[in-house]
Amino acid sequence: MIGIVFTVTGNAQNTPYIQDSTVFNPLDTIMAYDIFDKLSQTAKGKVILGGDNVKSIINEMKTQKSEPLKGWRIRVFRDRDQGASRRAEAQKNDIEKKYPGLPVYVTHDSPAFYVDVGDYRTTDEAEKMKRILISSIPEASTVLVSINFPPL
């Protein structure tokens, strides 16, 4: 997945507009931030996003409980032998060092331990990441699980 970063400035009437955009690969640097804070730091003049209560609606949505979202992760480790817990944590730490910002999850479903990465809504997104991981982790496979909602 490729992202775009926009530089927002204001014109003489303090109307924000997009001055510049940069394409980036989120695997290089994955950062999450509050869009309202980011716009207030970079925009000159006023930034209007669809009305007075947009921020309060988004904050309310963040706190609402909802049904689990089904999606895909890449399973990079599964083991049920003695010491599997320790090896799962080591695998998690290795992936976090190699791919900073990529979500890594260690789960235990007795008797096995699993390490899964990512939160992908489609198999295509998961397969793209799997192709990257498979060079260093040949046993990587996609699995259908409950995933975390993407940050708002």
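The values are calculated or read from the model by the stated rules, or taken from the named source; none is laboratory data. Fair warning: this is a prediction, and the values are worked out from it, not measured in the lab. All Cβ positions, glycine included, derive from the backbone under ideal geometry; neighbour counts span all protein chains shown.
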Original post:
Any idea which residue in region 116-150 is surrounded by the fewest Cβ atoms within 10 Å (Cβ to Cβ), counting only those that are in a strand (DSSP E or B) and of a type in the set (V, I, T)?
Top reply: V143
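If you check D81 against the conditions, is it within 21 Å of the chain's Cα centre (by Cα) and assigned by TED's automatic domain parsing to the domain that holds V143?
So D81 fails the test.
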**OP:** From the list D124, D81, pick out the single residue that is without any contact (Cβ under 8 Å) to a residue 40 or more places away in the chain and within 30 Å of I58 (Cα to Cα).
**Re:** D124
**OP:** Output the number of residues of region 102-115 satisfying the condition of being more than 19 Å from L69 (Cβ to Cβ) and surrounded by 13 or more Cβ atoms within 10 Å (Cβ to Cβ).
**Re:** 4
